[in-house]
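Presented below is the structure to which this report refers.
The values are calculated or read from the model by the stated rules, or taken from the named source; none is laboratory data. Since this is a predicted model, take the numbers as computed values, not measurements. Using ideal geometry, Cβ is built from the backbone for each residue, glycine included, and neighbour counts are taken over all protein chains shown. For accessibility, only protein heavy atoms count, side chains too; no ligands or nucleic acids. Shrake-Rupley method; radii C 1.70, N 1.55, O 1.52, S 1.80 Å.
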Amino acid sequence: QVQLVESGGGLVHPGGSLRLSCATSGIIFRFYTMGWYRQAPGSQRELVAQITSDSDTNYIDSVKGRFTISRDNAKNTMYLQMNSLNPEDTAVYYCNARYYADYHWGQGTQVTVSS
């Protein structure tokens, strides 16, 4: 059974930092492209950052220089370090694992940036 479990969300003040984790099981993690998506109320889910099996990364423009995606294949875990958070980053953040047509999602973790 495949499981993706996000953790690390919470309430943070503008300018603050959070580190999200996505712990996986049931997949051969090192083969998968991993991604962080987010969905704000009333908005579509969007890809925030992605890391391939070769650890190539890409980010949406609004988080470049503030967010860093990484992976630890020994721990089957992906991370998202989020710095300089602003209220526009408020959303539910979802972990995604993709290998060709095989997709898996986590349950999401809430990130709220507010003073």
Taking protein heavy atoms only, a 1.4 Å probe, and rounding to whole percent, the accessible area of the chain owed to carbon and sulfur comes out at 46
Quick check: pseudo-label points 7 Å beyond the Cα along Cα→Cβ at W105 and D56, how many nm apart are they? 2.6
Per residue, how much accessible area does the chain show when a 1.4 Å probe rolls over the protein heavy atoms, in square angstrom? 53
Identify, among S7, I60, L47, the residue whose Cα sits farthest towards the positive end of the charge dipole of the chain, taking +1 on the Cβ of Lys and Arg and -1 on the Cβ of Asp and Glu, with the dipole about the Cα centre. S7
Where trypsin sites (Lys or Arg not before Pro) in DSSP loops with at most 13 other Cβ within 10 Å are excluded, longest remaining stretch of the chain: 1-63
Would you work out the Kirkwood radius for the chain? I mean one over the mean of 1/r across all pairs of different Cα atoms, in Å. 14.0
Chain lengthening between N86 and Q39 when straightened (0.36 nm per residue, less Cα-Cα): 15.4 nm
